[in-house]
Amino acid sequence: MLKMIKSLVFILLAAALPAKAEENNIGDTFAVVWEYTTDDLELIRHNLSAQSAELLALWEKGIVENAYLAEEKDFEKGTDVLNIVFFIKAKSKLDAEKILNEFTFVKKGIAKYEMHPVGLLWLKTFEGASKN
């Protein structure tokens, strides 16, 4: 019986959250994954500072969240390139694309992005929460 009640609560929450978000005009969240479109490491490095500043400005405004940094090593060339994956909050996919298309890497053809809709934040890890 308890399992059934928990299942019903889960279903009700899942159904109610998007409706509440729509009422408040919250929008949606997308995971943004980047892929370099050039092998010109000098071009990447020369524009990295501008790209980083743009990302940081969006993070400070709360538009971008949860940025992850990954280092890609190219052992054949003896180089490594940083890649960042993050989440962007926007009212629509089109609005998110407008924001992302303003990045230096996109404008200069250094990288392209792929967006994956992830929906609304439902569960969140809180500091001090029990890990059991």
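The values are calculated or read from the model by the stated rules, or taken from the named source; none is laboratory data. Every value quoted in this text rests on a predicted model; they were computed, and no experiment measured them. No Cβ is skipped: glycine too gets one built from the backbone with ideal geometry, and neighbour counts run over all protein chains shown.
Hey, can you tell me all the residues within the stretch 40-80 that are modelled with pLDDT of 90 or more, polar (S, T, N, Q) and surrounded by fewer than 15 Cβ atoms within 10 Å (Cβ to Cβ)? Hits for the stretch 40-80 are SER49, SER52, ASN66. Applying a threshold of 6 Å to beta carbon distances and a minimum spacing of six or more residues, or different chains, the list of pairs starting in the stretch 33-61 at a residue that is part of a helix (DSSP H, G or I) and ending at one that is surrounded by fewer than 15 Cβ atoms within 10 Å (Cβ to Cβ) reads LEU41/THR79. Number of residues in the stretch 87-106 that are in a helix (DSSP H, G or I), free of Cβ contacts under 8 Å to residues at least 60 places away in the same chain and within 21 Å of ASN47 (Cα to Cα) equals 5. Within this structure, ILE5 passes the test of being at pLDDT below 65, of a type in the set (Val, Ile, Thr) and assigned to a helix (DSSP H, G or I).
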